[in-house]
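Enquirer: Supplied in structure tokens, the structure appears directly below.
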Amino acid sequence: MRKLTLEQIETVILDFWQGSPLNSLHMQGGEKAWKQPHIAVAAASDPLFVEIKKMIGPFYWTPEEAFALGRPGLQASAEELSVISYVLPQTEATRSDQRAMNELPAERWARSRYHGEEFNCGLRSHLAGRLSAAGYPAVAPERLLDFDYRTSEKFGIASNWSERHVAFVAGHGTFGLSDGLITRFGKAVRFGSVVVKADLPVTSRMYGEDHQAWCLWYAKGKCGACVHRCPIDAIAKDVGHDKPACFKYIRGVTAPYVAKNFGLGDTPCGLCQVKIPCEAQIPSALQANG
């Protein structure tokens, strides 16, 4: 069997991004939901995955556990598995519309949360299916029937597979004051991932294990722009992100708003992801450090 390459994986992802009808905001003009995806790879045996499980709770899956759930008849150790993480950057038009909003999400943003996530789910399944068909068994953990949200003793609401934490381990970026992940393409992004039984080259983590290295507030004690973007003061410089308050606002205000005005069944807000120094890049004041 030929060795699986990053180029082959990128081709599968980019072809789907380019050709799938799912990659649409369903607006006049047929504009895509996302800019071009980018991938990174983590070793499933990376000890950070076990550390994350310890922090979040016993319900959280390591890559090895997620693979075993998705492939119950196929044994694979963590050393035999790789984790492919991809980032989907928001388009310039979506970010521009969202920057103009102060209390409620823009229509394009809401559509990217709903239709864009339909594409993201399709891409997860498509990538896992194509890899499996090529002889490299794969699972998309977020698509497993057991994927769910639980309560973490330390962090409150938490899923048993976190695309943002996977992206951090894979080298995409680090967390900011609002809990969003700051990548080379900014914070206005979404993520997906697949666990595959294949030996792939691991992406270098420029920031090592510093999970807040690319946030101006944590790195230099300045900025806090996301604090001022939150309409309900659910982000604070001294405590970070108030998840229960954020969840209550999304469920009680923004979700009913987009359902009534755009006919979408999603839960968007995302105001803290735009009109900030890390909206579409690593903050310039930090780029010299990696």
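The values are calculated or read from the model by the stated rules, or taken from the named source; none is laboratory data. Please read these numbers as outputs of a predicted model, since none were measured by experiment. Virtual Cβ from ideal backbone geometry, glycine too; neighbours counted across all protein chains shown. Note: areas computed on protein heavy atoms with side chains; ligands, DNA, RNA excluded. Shrake-Rupley method; radii C 1.70, N 1.55, O 1.52, S 1.80 Å.
Enquirer: Can you compute the charge dipole magnitude of segment 13-80 about its Cα centre, using +1 on each Lys and Arg Cβ and -1 on each Asp and Glu Cβ, nothing else charged? Give it in debye, rounded to the nearest 20.
Expert: 260 debye
Enquirer: For segment 168-245, what is the convex hull volume of the alpha-carbon atoms per residue, in Å³? Don't skip to the end; give the middle numbers.
Expert: On the way: hull volume 9.1 nm³, N = 78.
About 117 Å³ per residue, rounded to a whole number.
Enquirer: Around THR94, what is the net charge, scoring Lys/Arg as +1 and Asp/Glu as -1 over all other residues with Cβ under 15 Å from its Cβ?
Expert: Once positives and negatives cancel, what remains is +3.
Enquirer: Enter the Cα centre distance for the pair segment 6-59 and segment 226-252, rounded to the nearest angstrom.
Expert: 26 Å
Enquirer: Ranked from highest to lowest mean number of other Cβ atoms within 10 Å per residue, what is the order of the peptides 122-131, 227-236, 78-87? Show your work: numbers first, answer last.
Expert: Working: 122-131: 20.1, 227-236: 16.8, 78-87: 22.8.
My ranking of the peptides, most packed first, is 78-87, 122-131, 227-236.
Enquirer: Now a separate question. Relative to the longest principal Cα axis of the chain, at what angle does helix 6-19 sit, 0 to 90 degrees, rounded to 10?
Expert: Helix 6-19 sits roughly 50 degrees off the main axis of the chain.
Enquirer: Counting only protein heavy atoms and a 1.4 Å probe, tell me what percentage of the chain's accessible area is made up of carbon and sulfur. If you can, show how the numbers build up before the last one.
Expert: Numbers: 6830 of 13310 Å².
Answer for the chain is 51 percent, counting heavy atoms of protein chains only.
Enquirer: What would the Debye formula give as log10 I(q)/I(0) at q = 0.15, 0.18 Å⁻¹ for the alpha-carbon point model of segment 1-155, no solvent?
Expert: Values, matching the q order: -0.94, -1.17.
Enquirer: Setting aside same-chain residues fewer than 8 positions from LYS222, which lysines have a Cα under 24 Å from its Cα?
Expert: Cα-Cα hits under 24 Å: LYS187, LYS237, LYS243, LYS275.
Enquirer: Could you do me a favour and compute the accessible area per residue for segment 129-204, 1.4 Å probe, result in Å²? Can you show the working numbers first?
Expert: Details: 2980 Å² over 76 residues.
Using a 1.4 Å probe on heavy atoms only, each residue of segment 129-204 averages 39 Å².
Enquirer: Would you mind getting the Kirkwood hydrodynamic radius of segment 151-290 from its Cα pairs, rounded to one decimal in Å? Each step should come with its number before you reach the end.
Expert: Values: mean 1/r = 0.0615 Å⁻¹.
After inverting the pairwise mean of 1/r, the radius is 16.3 Å.
Enquirer: Normalised by the empirical 2.2 N^0.38 Å for globular proteins, what value does the Cα Rg of the chain take? Present the calculation step by step, with values, prior to reporting the outcome.
Expert: Numbers: Rg = 18.5 Å, N = 290, 2.2 N^0.38 = 19.0 Å.
The chain yields a ratio of 0.97.
Enquirer: Then there is this: Under 8 Å for C-alpha pairs, at least 6 residues apart: give me the relative contact order for segment 8-159, rounded to a whole percent.
Expert: Over segment 8-159, the number comes to 28 percent.
Enquirer: Nothing charged except the Cβ atoms of Lys and Arg (+1) and of Asp and Glu (-1): what's the magnitude of the dipole of segment 195-267 about its Cα centre? Round to the nearest 20 debye.
Expert: In debye, rounded to 20, segment 195-267 gives about 200.
Enquirer: Nearest 20 debye, what's the magnitude of the dipole of segment 131-214 about its Cα centre given +1 on Lys and Arg Cβ and -1 on Asp and Glu Cβ?
Expert: 220 debye
Enquirer: Got a number for the accessible area of TRP17? Probe 1.4 Å, square angstrom, nearest 10.
Expert: Rounded to the nearest 10, the figure is 40 Å².
Enquirer: Computed over the Cα atoms, what is the radius of gyration of segment 5-56 divided by 2.2 N^0.38 Å, N being its residue count?
Expert: Compared with the compact-globule rule of thumb, segment 5-56 sits at 1.66.
Enquirer: Which ³J(HN,Hα) values in Hz, rounded to whole numbers, follow from the phi angles of segment 179-193 under the Karplus curve 6.51 cos²θ - 1.76 cosθ + 1.60, where θ = phi - 60° and Gly and Pro get x?
Expert: 6, x, 9, 8, 10, 4, 9, x, 9, 7, 8, 10, 10, x, 7
Enquirer: Which value in Å does the Kirkwood hydrodynamic radius of segment 90-130 take, with 1/r averaged over all unlike C-alpha pairs and then inverted?
Expert: One decimal place: 11.2 Å for the Kirkwood radius.
Enquirer: If the viscosity is 1.306 mPa s and the temperature 10 °C, what translational diffusion coefficient in µm²/s does Stokes-Einstein give for segment 35-110 when Rh comes from Kirkwood over Cα pairs?
Expert: 103 µm²/s
Enquirer: Sticking with this one: Can you list the cysteines of the chain that have no other Cys Cβ under 4.7 Å away?
Expert: CYS121, CYS215, CYS223, CYS230, CYS246, CYS269, CYS278, each lacking another Cys Cβ under 4.7 Å.
Enquirer: While we're here: Hey, what angle do you get for helix 47-56 against the long axis of the chain, alpha-carbon based, 0 to 90 degrees rounded to 10?
Expert: The answer is roughly 50 degrees.
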